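Here is the structure we will look at.
The values are calculated or read from the model by the stated rules, or taken from the named source; none is laboratory data. If you're wondering where the values come from, they're calculated on a predicted model, not measured in any experiment. Reconstructed Cβ throughout: ideal geometry from the backbone, glycine too, with neighbour counts over all protein chains shown. Only protein heavy atoms, including side chains, enter the accessible area calculation; ligands, DNA and RNA are left aside. Shrake-Rupley method; radii C 1.70, N 1.55, O 1.52, S 1.80 Å.
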Amino acid sequence: GLLILAVSPAGATKEGSRGDRELGEYLSAECVTCHQITGRVTGAVPDIVAWPDEQFIAVLKSYRDKERENVVMQTLAARLTDEEMEALAAYFGSLPNQPRIR
């Protein structure tokens, strides 16, 4: 049979976000092990809050495709589907952009 998936924009939290924010929040536990949800930069680990969705997804895909060097990020990104990347982008993109704290 034919399986049709309907994606409702009702879950979108900001204009243009196509990811499932709630799924992104659920998946974010592994991300916030290193990346601070407050926007604080710790060592060489950058903040990932309030990024545009397309940039967030492009960076994850570049790790998945091993175009960016970082074994931890390559390993984590390799496990993510496109849908999960979109969900993470929607969640982290919906967080308030904090003043940069170093």
| note | Exactly one of ALA6, ALA10, ALA44 is modelled with pLDDT under 90 and closer than 20 Å to LEU76 by Cβ, and that one is ALA44
| request: Would you list the helices (runs of 4 or more DSSP H) that sit entirely within the range 38-102 and hold 3 or more residues that are more than 11 Å from the chain's Cα centre (by Cα)? | output: 53-64, 71-78
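Here are some residues: LEU88, LEU76, LEU95, LEU23. Which one is at pLDDT below 95 and crowded, with 16+ Cβ neighbours inside 10 Å? Show your work before the answer.
On the way: LEU88 fails: at pLDDT below 95; LEU76 fails: at pLDDT below 95; LEU23 fails: at pLDDT below 95.
None of the others qualify; the one that does is LEU95.
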| request: Hey, could you check the range 33-72 for residues that are open to solvent by 40 Å² or more (accessible area, probe 1.4 Å) and touching a Phe, Trp or Tyr at 6+ places or on another chain (Cβ under 7 Å) and say which is nearest to ALA87 (Cα to Cα)? | output: TRP51
| message | Give all pairs with beta carbons closer than 6 Å in which a residue from the range 26-40 that is in contact (Cβ under 8 Å) with a residue 60 or more places away in the chain meets a residue that is among the charged types (D, E, K, R) and in a loop (DSSP other than H, G, I, E, B); count only pairs at least 6 apart in sequence or on separate chains. | response | GLY39/ASP47
| note | With the first residue restricted to the range 74-95 and required to be in contact (Cβ under 8 Å) with a residue 12 or more places away in the chain, and the second required to be surrounded by 16 or more Cβ atoms within 10 Å (Cβ to Cβ) and β-branched (Val, Ile, Thr), Cβ contacts under 6 Å at 6 or more apart or on different chains are MET85/ILE57; ALA89/ILE57; PHE92/ILE48; PHE92/VAL49; LEU95/VAL49
